[in-house]
Amino acid sequence: MNCLSAMFKYMLYLLNLVFVAGGILLIVVGSIMLSTMGNFTAFDGGVNTQTIPICIIVIGCVTFVVAFFGCCGTIRENACCTTIYAICMLILFGLQLALSIWIFAANDKFLSSMGKAVDKAWDENNAAQGYPMDALQLAFTCCGNTGYEQYETVPSSCCGYKDRNKVCEAAIYSQRPGCRQEFVDFWASNTDLIRWSSLIIALFELGIFIMSCCLASAMRKR
């Protein structure tokens, strides 16, 4: 193997280590988002608020597995494994780029749908529906759709109490913002992080694909 091929080999190995860490990071970020949102399926109003976090976790798992085996294939200098790895990286590049473009293009529409999800929860906030606003108020330390003033009797969840029989003190709920804006702001900050990081990762994956192809070609010529 010549000097250039050796350089590609070790650059590829180091980049794969970065992607192993990146895959773990995506899994952690997606898990934190799911944990922060809590159980929102009861009031999603036709909008699946858990789709993006789940997609992030899946992409993180795939990235971790592909990068891990890429490290093994690169060190073993196996042309077949390196070629398969390059193809996997090309597929990952396409998926990451598609996710990034979709979030850029549909961000405003998506944030609007998240606001409507809270509106739907507010409209159906009754015993028959299981008081869906409680989950949101507990998770985001907020109160009401636009504010606590909308309630005739402020529920205990506005003070962070899970027991609906507890009395919520005015000193607590009067300081809490409306849930609609809090929920939309949560998604706005996370989608900004996701779309830019996805774009940067996609560009790295394209570079790794090119280097993998060059390395596999050099391995076959030995």
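The values are calculated or read from the model by the stated rules, or taken from the named source; none is laboratory data. Note that the coordinates shown come from a computational prediction; the quantities given were computed from them, not determined experimentally. Using ideal geometry, Cβ is built from the backbone for each residue, glycine included, and neighbour counts are taken over all protein chains shown. The protein model used for the area step is the full one, side chains on, heavy atoms only, and it has no ligands, DNA or RNA in it. Shrake-Rupley method; radii C 1.70, N 1.55, O 1.52, S 1.80 Å.
What to note about this one:
- Residue match in region 12-33 (condition: open to solvent by 40 Å² or more (accessible area, probe 1.4 Å), of a type outside the set (A, V, I, L, M, F, W, C), within 17 Å of residue 89 (Cβ to Cβ) and modelled with pLDDT under 80): yes
- If the condition is being without any contact (Cβ under 8 Å) to a residue 60 or more places away in the chain, in contact with a helix residue (DSSP H, G or I) (Cβ under 6 Å, 6 or more places away or on another chain) and over 15 Å from residue 186 (Cα atoms), then region 126-142 contributes only 134.
- Any hit, region 92-105, residues being of a type in the set (S, T, N, Q), closer than 30 Å to residue 217 by Cβ and crowded, with 16+ Cβ neighbours inside 10 Å: yes
- When region 50-74 is filtered for residues that are crowded, with 20+ Cβ neighbours inside 10 Å and not β-branched (Val, Ile, Thr), the ones remaining, listed by number, are 53, 60, 67, 70, 73.
- Taking every residue in region 172-188 that is within 9 Å of residue 141 (Cβ to Cβ) and pairing it with any residue that is in a helix (DSSP H, G or I), at least 6 positions away or on another chain, the pairs with Cβ-Cβ distances below 7 Å are 176/148; 176/158; 182/140.
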